[in-house]
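The values are calculated or read from the model by the stated rules, or taken from the named source; none is laboratory data. It should be emphasised that the depicted structure is a prediction, and the values quoted were computed from it without experimental measurement. Here Cβ is always computed from backbone atoms with ideal geometry, including for glycine, and neighbour counts include all displayed protein chains. These area figures cover heavy atoms from the full protein model, side chains too; ligands, DNA and RNA do not enter into them. Shrake-Rupley method; radii C 1.70, N 1.55, O 1.52, S 1.80 Å.
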Amino acid sequence: MSEDLKILDEVTNSEYKYGFVSNIESDNAPKGLDESTVRFISAKKNEPEWLLEWRLKAFRHWLTMVEPTWPNVHYPQIDFQDIIYYSAPKKKPTLNSLDELDPEIKATFDKLGISLIEQQRLAGVAVDAVIDSVSVKTTFRESLRELGIIFCSFSEAVQDHPDLIKKYLGSVVPATDNFYAALNSAVFSDGSFCYIPQGVRCPMELSTYFRINSAGTGQFERTLIVAEEGAFVSYLEGCTAPMRDENQLHAAVVEIVSHTDATVKYSTVQNWYPGDKNGKGGIYNFVTKRGICLGDRAKISWTQVETGSAITWKYPSVILKGDYSVGEFYSVAVTNNMQQADTGTKMIHIGKKTKSIIISKGISCGKSQNSYRGLVRIGKKAENARNFSQCDSLLIGDKCGAHTFPYIEVGNKTAKVEHEATTSKVGEDQIFYCNQRGISTEDAVNLIVNGYCKEVFNQLPMEFAVEAQKLLAISLEGSVG
Amino acid sequence: MLSIKDLKASVEGKQILNGLNLEVKPGEVHAIMGPNGSGKSTLASVLAGREEYEVEGGAVNFLGNDLLEMSPEDRARAGMFLAFQYPVEIPGVSNANFLKTAVNEVRKSRGLAAYDSKEFLQIMKEKMKLVEMDKAMTQRSVNEGFSGGEKKRNEIFQMAMLEPTLAILDETDSGLDIDALRIVSNGVNALRDGNRSFIVITHYQRLLDYIVPDFVHVLYKGRIVKSGTKDLALELEEKGYDWIKEEVAVGA
């Protein structure tokens with residue numbers, strides 16, 4: 001093995017050295033899943049009858065479904081009766097100051113450039129600063145309310161805005177959509193709700209961080225975003241800080257509704273625990289994300305940076321119903337060690353002159369497997385629809401794999417669909433060239449990979465992009481400090 | 001500054017350098033010529049530390065250090081620069097960003113503070129003039145979509161930015177038209193300051209009309225078989241290499 005490859009091997013084989021293990025004090029539902037579990041959850045949340053019925057319907061349908069096996073991922077059979085479907089708000093260990101924090105975690109935070117206040121929040125430090133940050137959140141919430149923007153937990157929305165929930169819940173991802181969406185619909189614990197009224201441009205990036213009661217969103221998260229006519233919102237999910245969770249299976253659902261002339265930009269950074277070097281442990285992330293451009297000239301843009309999870313199975317999609325509507329998907333998916341990712345998008349063109357763009361950048365290192373799976377469907381009535389797809393794969397080392405599964409279905413002759421795909425390796429020539437200019441191999445790999453992801457990072461909100469770059473460096477290097 | 005003694009090296013099991021000796025003092029310009037396959041580019045690669053090249057024997061001292069023990073990046077930080085015959089493309093990484101990383105890495109290793117963006121832009125602007133480089137080129141990805149001439153110009157621009165102690169030019173003239181050759185050579189000459197040394201590897205005497213060497217060496221079968229002044233290059237231009245090959249055969 002050449003020296004460069006050895007170094008690559010070292011840096012890409014390091015283990016995930018951070019994350020939280022929290023002690024859980026909870027009042028849990030008993031293990032297992034039947035109708036009584038669904039009723040238990042609904043009752044705990046004090047939900048209206050119609051929502052319980054909706055959950056039950058989803059549950060009954062779920063019983064008739066089988067787990068999908070088509071993704072290019074492999075894992076042992078999940079025992080759905082061995083899962084706790086409800087656990088009350090989790091508590092993280094309370095620290096008196098950041099000095100008590102594990103120095104390694106502190107180093108990660110510093111490396112990611114996370115502010116002190118946020119560090120304290122993430123670490124669960126019980127000091128005044130956290131109270132300050134709560135009041136900061138409240139202030140944000142107040143200024144949003146003045147504009148008529150609703151941004152709250154899903155549970156709160158069910159209580160305070162039942163009409164909106166009733167109108168939109170399941171309107172994009174029906175409860176019966178797929179195995180995991182049905183499961184989520186039956187047992188979802190909490191999540192976020194966001195509503196932007198007509199003509200309002202949300203003045204700040206909406207991040208789950210600013211949502212009160214954001215603690216303990218749980219493994220079956222539900223997000224619903226509605227942008228009324230002419231509204232604009234940029235929504236951030238997740239954070240670059242490492243996330244560890246007791247729950248191995250995560251099956252979230254995200255629904256986005258974009259009305260006439262509205263734009264919703266949804267950015268995700270996902271950094272769940274990927275398991276150890278041998279693939280033991282780690283989160284299974286089976287997510288259904290879909291948006292619909294209901295009105296003319298509506299736009300939905302997904303940007304994702306995926307570095308975590310043992311298994312990722314996720315296809316943020318857009319249904320382009322309105323004429324001239326636009327769907328975008330920008331993705332960076334990094335897999336390392338034994339991680340497996342099967343991710344991509346679906347662009348369903350229904351309206352006339354609809355446009356979609358797909359830019360997917362897969363990076364595989366270690367012994368990981370990284371697949372792109374994408375569907376572009378042009379409906380019969382989608383006159384002059386256009387799609388451009390670019391799927392690039394980058395291999396680091398010689399034990400990983402990259403796969404591309406593009407599906408293209410064109411039902412209208414006037415459509416224009418373009419698909420470009422490339423696979424490349426981080427070349428020893430490139431690394432040597434950097435070395436010869438004084439740049440170390442590790443920095444060279446970062447530089448090359450960042451260059452490769454540039455088109456996607458450019459889509460992220462500024463601060464998020466900077467964090468994502470650092471996260472990428474850490475993911476590749478796999479060590480802290 | 002650079003002292004190569006009895007250097008032997010192979011690539012893919014094939015011995016290319018067979019006991020090469022070379023002494024370079026500060027400020028000197030050495031031209032290395034020789035027929036195809038004589039080991040010219042191998043010499044450049046071994047000095048820069050390319051790992052496919054196996055050193056089988058000999059010693060190289062660079063500024064008092066055992067060069068062969070140093071990693072490629074440490075060689076670069078110590079002041080060795082290789083202008084590549086085939087510069088590599090790095091998509092998505094702007095030339096400016098690449099150079100800033102490199103320059104600050106080198107400065108760090110010398111205990112100097114990193115340049116901030118403003119200082120760096122200022123220095124870049126000055127050095128760009130040396131190779132008549134367009135500002136747009138610094139914003140483009142490293143060598144991506146550059147013409148042959150632009151790539152070579154970019155190499156010399158990088159050299160100007162990194163201010164090496166020893167620069168090795170590996171067939172920098174190949175694929176250049178007359179204008180580009182003049183620009184590149186002017187750039188190199190502007191960097192001759194009496195201390196900086198150069199090893200210029202070339203096939204053609206033409207380059208040496210522009211970059212006038214102090215010494216010309218002929219590399220053949222992995223050894224330097226003849227050394228002389230600029231006149232030797234002219235002689236080679238006129239007579240080819242056969243007479244040298246014959247001399248070597250007789251001597252052997």
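Determine the pairs where a residue that is acidic (Asp, Glu), located within the stretch B:83-112, has a partner that is open to solvent by less than 10 Å² (accessible area, probe 1.4 Å) with Cβ atoms under 7 Å apart, the partner being 6 or more residues away or on another chain.
B:GLU89/B:VAL142; B:GLU89/B:ASN143; B:GLU105/A:GLY438; B:GLU105/A:ILE439
Search the stretch A:251-268 for residues being open to solvent by 10 Å² or more (accessible area, probe 1.4 Å) and either of a type in the set (Asp, Glu) or at pLDDT below 95 (or both), and hand back the single one that is farthest from A:ASN184 (Cα to Cα). First the steps, then the outcome.
In the first step, residues of the stretch A:251-268 are kept if they are open to solvent by 10 Å² or more (accessible area, probe 1.4 Å); the result is A:252, A:259-261, A:263, A:265.
Those left that are additionally either of a type in the set (Asp, Glu) or at pLDDT below 95 (or both): A:252, A:261.
Numbers: A:ALA252: 6, A:ASP261: 30 Å.
So, considering only residues that are open to solvent by 10 Å² or more (accessible area, probe 1.4 Å) and either of a type in the set (Asp, Glu) or at pLDDT below 95 (or both), the one farthest from A:ASN184 (Cα to Cα) is A:ASP261.
Of the conditions (1) small (Gly, Ala, Ser); (2) open to solvent by 50 Å² or more (accessible area, probe 1.4 Å); (3) part of a helix (DSSP H, G or I), B:SER227 fails just one. Which one is it?
(3)
Do the conditions hold for A:GLN390, that is, is it modelled with pLDDT of 90 or more and either more than 17 Å from A:SER331 (Cβ to Cβ) or not hydrophobic (A, V, I, L, M, F, W, C) (or both)?
On the way: modelled with pLDDT of 90 or more: yes; either more than 17 Å from A:SER331 (Cβ to Cβ) or not hydrophobic (A, V, I, L, M, F, W, C) (or both): yes.
It is true that A:GLN390 is modelled with pLDDT of 90 or more and either more than 17 Å from A:SER331 (Cβ to Cβ) or not hydrophobic (A, V, I, L, M, F, W, C) (or both).
Among the candidates A:ALA402, A:ALA310, A:ALA341, A:ALA298, single out the residue that is among the aliphatic types (A, V, I, L, M) and more than 26 Å from A:LEU236 (Cβ to Cβ). Walk me through it before giving the result.
Numbers: A:ALA310 fails: more than 26 Å from A:LEU236 (Cβ to Cβ); A:ALA341 fails: more than 26 Å from A:LEU236 (Cβ to Cβ); A:ALA298 fails: more than 26 Å from A:LEU236 (Cβ to Cβ).
Residue meeting the stated conditions: A:ALA402.
Would you mind finding the one in A:LEU471, A:LEU460, A:LEU476, A:LEU394 that is within 14 Å of chain B (Cβ to nearest Cβ) and either open to solvent by less than 30 Å² (accessible area, probe 1.4 Å) or part of a helix (DSSP H, G or I) (or both)? Break it down stepwise before answering.
Details: A:LEU471 fails: within 14 Å of chain B (Cβ to nearest Cβ); A:LEU460 fails: within 14 Å of chain B (Cβ to nearest Cβ); A:LEU476 fails: within 14 Å of chain B (Cβ to nearest Cβ).
Every option except A:LEU394 fails the conditions.
Identify all residues within the stretch B:158-193 that are more than 14 Å from chain A (Cβ to nearest Cβ), open to solvent by 40 Å² or more (accessible area, probe 1.4 Å) and modelled with pLDDT of 90 or more; write none if there are none.
Answer for the stretch B:158-193, where residues must be more than 14 Å from chain A (Cβ to nearest Cβ), open to solvent by 40 Å² or more (accessible area, probe 1.4 Å) and modelled with pLDDT of 90 or more: B:ARG182, B:ASN186, B:ASN189, B:ALA190, B:ARG192, B:ASP193.
Starting from residues that are outside any helix (DSSP H, G or I) and not basic (Lys, Arg), keep the ones in the stretch A:44-67 and report whichever is nearest to the chain's Cα centre (by Cα). Lay out the reasoning, then the answer.
Quick first cut of the stretch A:44-67, residues outside any helix (DSSP H, G or I) only: A:45-48, A:64-67.
The next check asks that each one be not basic (Lys, Arg); those that pass are A:46-48, A:64-67.
Working: A:ASN46: 28, A:GLU47: 27, A:PRO48: 29, A:THR64: 28, A:MET65: 25, A:VAL66: 24, A:GLU67: 21 Å.
Per the criteria, the residue is A:GLU67.
Among the residues of the stretch B:131-147 satisfying the criterion of being among the polar types (S, T, N, Q) and more than 14 Å from chain A (Cβ to nearest Cβ), which is nearest to the chain's Cα centre (by Cα)? First the steps, then the outcome.
In the first step, residues of the stretch B:131-147 are kept if they are among the polar types (S, T, N, Q); the result is B:138-139, B:141, B:143, B:147.
Now narrow it down to the ones that are more than 14 Å from chain A (Cβ to nearest Cβ): B:138, B:147.
Details: B:THR138: 22, B:SER147: 20 Å.
For the stretch B:131-147, the residue satisfying everything is B:SER147.
I'd like the residue in the stretch B:86-130 that is assigned to a loop (DSSP other than H, G, I, E, B) and within 12 Å of chain A (Cβ to nearest Cβ) and, out of all such residues, is most open to solvent (accessible area, probe 1.4 Å).
Result: B:TYR86.
Please work out if A:ARG377 is under 25 Å from A:GLN270 (Cβ atoms), touching a Gly at 6+ places or on another chain (Cβ under 8 Å) and among the basic types (Lys, Arg).
no
Every residue in the stretch B:230-252 that is in contact with a Phe, Trp or Tyr (Cβ under 9 Å, 6 or more places away or on another chain) and in a loop (DSSP other than H, G, I, E, B), please.
Correct list: B:TYR241 only.
Restricting attention to the stretch B:197-210, does a residue exist that is farther than 27 Å from B:LEU7 by Cα and among the charged types (D, E, K, R)? Lay out the reasoning, then the answer.
Looking only at the stretch B:197-210, we keep the residues that are farther than 27 Å from B:LEU7 by Cα, and these are B:206, B:209-210.
Cutting the leftovers down to among the charged types (D, E, K, R) gives us B:206, B:209.
Within the stretch B:197-210, one or more residues are farther than 27 Å from B:LEU7 by Cα and among the charged types (D, E, K, R).
Filter the stretch A:175-229 down to residues that are β-branched (Val, Ile, Thr), open to solvent by 20 Å² or more (accessible area, probe 1.4 Å) and modelled with pLDDT of 95 or more, then give me how many there are. Show your work before the answer.
Just the residues of the stretch A:175-229 that are β-branched (Val, Ile, Thr), to begin with: A:176, A:187, A:196, A:200, A:208, A:212, A:217, A:223, A:225-226.
So of that shortlist, the ones also open to solvent by 20 Å² or more (accessible area, probe 1.4 Å) come out as A:176, A:200, A:208, A:212, A:217.
Now drop any that are not modelled with pLDDT of 95 or more, which leaves A:200.
Count: 1.
Looking at A:TRP302, A:TRP313 in this structure, which one is more than 22 Å from A:ASP261 (Cβ to Cβ), open to solvent by less than 20 Å² (accessible area, probe 1.4 Å) and of a type in the set (A, V, I, L, M, F, W, C)?
When all the criteria are applied, what remains is A:TRP313.
How many residues does the stretch A:278-288 hold that are open to solvent by less than 20 Å² (accessible area, probe 1.4 Å), of a type outside the set (A, V, I, L, M, F, W, C) and touching a residue at least 60 places away in the same chain (Cβ under 8 Å)?
So in the stretch A:278-288, the residues open to solvent by less than 20 Å² (accessible area, probe 1.4 Å) come out as A:282-283, A:285-288.
Next, only the ones that are of a type outside the set (A, V, I, L, M, F, W, C) stay: A:282, A:285, A:288.
This time we only want the ones that are touching a residue at least 60 places away in the same chain (Cβ under 8 Å), so: A:288.
Residues flagged as open to solvent by less than 20 Å² (accessible area, probe 1.4 Å), of a type outside the set (A, V, I, L, M, F, W, C) and touching a residue at least 60 places away in the same chain (Cβ under 8 Å) within the stretch A:278-288 amount to 1.
Identify the single condition in (1) modelled with pLDDT under 90; (2) among the polar types (S, T, N, Q); (3) surrounded by fewer than 24 Cβ atoms within 10 Å (Cβ to Cβ); (4) on the phi < 0 side of the Ramachandran plot that A:ASN337 does not satisfy, given that it satisfies every other one.
Condition not satisfied by A:ASN337: (4).
Across the stretch B:32-42, which residue is surrounded by the fewest Cβ atoms within 10 Å (Cβ to Cβ) among those that are under 11 Å from B:LEU169 (Cα atoms) and out of contact with any helix residue (DSSP H, G or I) (no Cβ under 8 Å at 6 or more places or on another chain)? So that I can check it myself, show each step before the final result.
Keep residues of the stretch B:32-42 that are under 11 Å from B:LEU169 (Cα atoms), which gives B:32, B:40-41.
Among the residues that remain, those that are also out of contact with any helix residue (DSSP H, G or I) (no Cβ under 8 Å at 6 or more places or on another chain) are: B:40-41.
Values: B:LYS40: 23, B:SER41: 18.
Applying the filter and picking the extreme gives B:SER41.
Residues being facing chain B (nearest Cβ under 7 Å), free of Cβ contacts under 8 Å to residues at least 60 places away in the same chain and farther than 20 Å from A:LYS361 by Cα: count how many of those fall in the stretch A:410-455.
Number of matching residues: 8.
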